[in-house]
Amino acid sequence: MPRRPPRRPAPQPLSQLRIIGGRWRGRKLQFAPVEGLRPTGDRLRETLFNWLQFHLPGARCLDLFAGSGALGLEALSRGAAEVDFVELNRSAVQILKEQLSALRAQNGRVHHTSASDFLAQTGTRYNIVFVDPPFGGDLWRETLAALGPHLAESALVYVETPRDKAVLPPGGWRIAKEKRAGQVCMRLFSIIE
């Protein structure tokens, strides 16, 4: 009797997130069910974007480890001039491109590469950078160290870590805002060099 080929696992359904402010407020977007992907929750995003509200209009933003794109999409919705999304996972990249197309957001660009490779290749300077890598690795130190040449004058860098993770910022950075919520620590650094 011939053997049956093994069954392929059913594709996982897409997860959803909601844009909480700006021109796309209330819009529900899908994102890939990728291992280690944990979009910044609504409450944390609300806090973060309250911190950034006066800095976003016209800002050039970088969303490293973009994943679902929650931070970069929220920034575009609230008036950022442009956002570069950097993501290594192919499924997440494809869905991010589809989201930007559905929103008709021509000022968002998706880069399918690692954060370190992107930073090694780009010469762009950013006003606001979002650094929210997977919590399983230790990517904060090398990423923050590589950001220096890519920061515009008076740039802001948002860093999301596990609650008890110590982050040593480069010289010339100071904590502008900090909050712990659940298992997460949010820090907003201002660059004072």
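Are there any pairs with C-beta distances below 6 angstrom linking a residue in the stretch 153-170 that is in contact (Cβ under 8 Å) with a residue 12 or more places away in the chain to a residue that is in a strand (DSSP E or B) and small (Gly, Ala, Ser), with the two at least 6 apart or on different chains, and if so which?
Partner pairs satisfying both residue conditions: LEU156/SER190.
What are the residues in the stretch 122-137 that are outside any loop (DSSP other than H, G, I, E, B) and over 13 Å from GLY67 (Cα atoms), if any?
TYR126, ASN127, ILE128, VAL129
Going by the conditions given, is VAL86 touching a His at 6+ places or on another chain (Cβ under 6 Å) and buried (at least 20 other Cβ atoms within 10 Å of the Cβ)? Show your work before the answer.
Details: touching a His at 6+ places or on another chain (Cβ under 6 Å): yes; buried (at least 20 other Cβ atoms within 10 Å of the Cβ): yes.
It is true that VAL86 is touching a His at 6+ places or on another chain (Cβ under 6 Å) and buried (at least 20 other Cβ atoms within 10 Å of the Cβ).
Could you name every one of the strands (runs of 3 or more DSSP E) located completely within the stretch 6-101 that has at least 2 residues being modelled with pLDDT under 95?
Values: elements: 15-18, 28-31, 60-64, 82-87.
The qualifying strands (runs of 3 or more DSSP E) are 15-18, 28-31.
Kindly provide the set of residues from the stretch 89-121 that are surrounded by fewer than 16 Cβ atoms within 10 Å (Cβ to Cβ) and within 22 Å of GLY58 (Cβ to Cβ), ordered by number.
Residues satisfying the conditions are ARG104, GLN106, ASN107, ARG109.
I'd like the full set of residues that are among the aliphatic types (A, V, I, L, M) and within 14 Å of GLY79 (Cα to Cα), limited to the stretch 104-117. Spell out the reasoning first.
Start the filter on the stretch 104-117 by keeping residues that are among the aliphatic types (A, V, I, L, M), which leaves 105, 110, 115.
Across the stretch 104-117, the qualifying residue is only ALA105.
Run down ALA80, ALA105, ALA120 and say which single residue is among the aliphatic types (A, V, I, L, M) and touching a residue at least 40 places away in the same chain (Cβ under 8 Å). Give the derivation first.
Working: ALA105 fails: touching a residue at least 40 places away in the same chain (Cβ under 8 Å); ALA120 fails: touching a residue at least 40 places away in the same chain (Cβ under 8 Å).
Among ALA80, ALA105, ALA120, only ALA80 is among the aliphatic types (A, V, I, L, M) and touching a residue at least 40 places away in the same chain (Cβ under 8 Å).
What number of residues within the stretch 123-139 satisfy the criterion of being closer than 19 Å to ALA155 by Cβ and without any contact (Cβ under 8 Å) to a residue 60 or more places away in the chain?
1
Please work out which residue is nearest to ALA75 (Cα to Cα), limiting yourself to the stretch 143-193 and to residues that are among the acidic types (Asp, Glu) and at pLDDT below 90. First the steps, then the outcome.
Here is the first cut: in the stretch 143-193, the ones among the acidic types (Asp, Glu) are 153, 160, 164, 178, 193.
Restricting the remaining residues to those that are at pLDDT below 90 gives 164, 193.
Numbers: ASP164: 27, GLU193: 25 Å.
Here the answer is GLU193.
Among the residues of the stretch 139-147, is any among the aromatic types (Phe, Trp, Tyr) and part of a strand (DSSP E or B)? Please lay out each step first, then the result.
Applying the first criterion (among the aromatic types (Phe, Trp, Tyr)) to the stretch 139-147 yields 140.
If we keep only those that are part of a strand (DSSP E or B) as well, we get none.
No, the stretch 139-147 has no match at all.
Suppose we filter the stretch 93-122 for residues that are of a type in the set (A, V, I, L, M) and under 23 Å from GLU142 (Cα atoms); how many remain?
Count: 5.
The values are calculated or read from the model by the stated rules, or taken from the named source; none is laboratory data. The model shown is predicted, which means the values in this text are computed figures rather than measured ones. Note that we place each Cβ from the backbone using ideal geometry, even for glycine, and neighbour counts take in every protein chain shown.
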